[in-house]
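The values are calculated or read from the model by the stated rules, or taken from the named source; none is laboratory data. Note that the structure is predicted; figures quoted are calculated from it, not measured. No Cβ is skipped: glycine too gets one built from the backbone with ideal geometry, and neighbour counts run over all protein chains shown. Ligands, DNA and RNA are excluded from the accessible area calculation, which covers all protein heavy atoms including side chains. Shrake-Rupley method; radii C 1.70, N 1.55, O 1.52, S 1.80 Å.
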Amino acid sequence: TEFGSEDVLKTIPGFFRRVGDTNYTFKRFKGIGIPIINTIDQIIGIQVRLDEVPEGASRYFWFSSAGAIDDPTGKTECGTSSGSPIGVIYPEVIKYPTLFITEGVFKGIKIAEEFGCIALSVQGVGAWKEIQKTIDNLEKEKGIEIKYIFVAFDADMCYNPRVYKQAKKMTDALKLDNDFIYYVSWDILLGKGIDDMLNDGHKKLIKKYKKVEFDKNYEIVIEKAIEGEEEKVVEKIDKEIFKSYYDRYMILT
């Protein structure tokens with residue numbers, strides 16, 4: 001073969017070989033394969049979007065050797081895990097030195113189309129550990145200088161402290177000065193994801209807030225929300241109750 005041996009498949013997520021077999025195989029699915037592309041246009045992972053979702057299962061998952069093997073005998077030789085790579089989506093023409101970070105490839109594609117900016121797609125709000133490395137690669141390998149970063153997670157981030165805390169950890173870890181990092185948000189009644197807003201023509205209703213201001217005010221919301229709570233754990237507060245505190249105390253300009 002081109003790579004000298006089929007054993008190269010052992011290093012590619014999704015492929016595996018059963019003990020005693022000479023050929024590698026992979027589990028079949030009915031759905032869409034979504035390639036995750038890195039800064040230099042290489043496919044570094046494949047996410048699968050199922051056509052039909054079994055009850056209690058997720059529609060999206062990784063094409064991965066670890067998750068694909070279901071031989072009841074257990075007699076298999078694993079390939080490799082997919083990890084949780086960060087996707088890079090380029091617009092046809094880069095119009096602005098602004099980088100968007102969002103959750104999901106389709107949202108990243110829509111952002112790139114509408115704003116003329118590069119979008120980074122994390123596959124889960126907590127899967128951001130390689131984000132700064134990816135930004136460094138953009139600057140090193142493509143010579144792209146990033147001057148602004150916008151975080152565009154779903155609108156319910158505002159009412160979900162778990163999601164917000166991941167967004168804050170991520171932005172805290174970025175090298176860019178906090179004065180040039182923004183969260184974007186909108187009325188959740190108009191759409192959950194930023195792609196919903198853009199598809200429905202609500203681009204002008206998307207607002208941006210400086211990280212420093214947003215973080216400061218969100219901490220006030222958390223303090224107010226847990227004042228009367230015995231356990232003082234904001235994540236245990238009902239979402240609708242927390243939303244009422246957010247709407248009351250989150251003062252942004």
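Just a few scattered comments:
- Meets criteria (out of contact with any Pro (no Cβ under 9 Å at 6 or more places or on another chain), farther than 23 Å from LEU205 by Cα and open to solvent by less than 10 Å² (accessible area, probe 1.4 Å)) for LEU176: no
- Per-region count, region 13-42, residues open to solvent by 50 Å² or more (accessible area, probe 1.4 Å), more than 30 Å from LYS140 (Cβ to Cβ) and not in a loop (DSSP other than H, G, I, E, B): 2
- Criterion applied to GLY83, GLY87, GLY108, GLY126 was being farther than 15 Å from ASN137 by Cα and buried (at least 19 other Cβ atoms within 10 Å of the Cβ), and the one residue passing it is GLY108.
Per-residue answers, yes or no, for (1) at pLDDT 80 or above; (2) more than 20 Å from PRO85 (Cβ to Cβ); (3) in contact with a Lys or Arg (Cβ under 7 Å, 6 or more places away or on another chain); (4) not aliphatic (A, V, I, L, M):
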position	(1), (2), (3), (4)
PHE3	no, yes, no, yes
PRO35	yes, no, no, yes
GLY45	yes, no, no, yes
LEU50	yes, no, yes, no
GLY56	yes, yes, no, yes
SER64	no, no, no, yes
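- Flag for ASP238 being within 25 Å of the chain's Cα centre (by Cα) and farther than 24 Å from MET170 by Cβ: yes
- Close pairs (8 angstrom Cβ cut-off, 6 or more residues apart or separate chains): over 16 Å from PHE15 (Cβ atoms) in region 42-64, part of a loop (DSSP other than H, G, I, E, B) and open to solvent by 70 Å² or more (accessible area, probe 1.4 Å) anywhere: ARG49/ARG59; LEU50/PHE29; LEU50/LYS30; LEU50/ARG59; ASP51/LYS30; GLU52/LYS30; VAL53/ARG59
- ILE94 vs. criteria surrounded by fewer than 22 Cβ atoms within 10 Å (Cβ to Cβ) and not in a helix (DSSP H, G or I): yes
- Summed over region 200-213, residues that are in a helix (DSSP H, G or I) and more than 20 Å from the chain's Cα centre (by Cα) total 5.
- Considering only residues in region 227-253 that are under 19 Å from GLN166 (Cβ atoms) and either assigned to a loop (DSSP other than H, G, I, E, B) or free of Cβ contacts under 8 Å to residues at least 60 places away in the same chain (or both), the one that is most open to solvent (accessible area, probe 1.4 Å) turns out to be LYS236.
- Yes/no for LEU198 being open to solvent by 80 Å² or more (accessible area, probe 1.4 Å) and at negative phi: no
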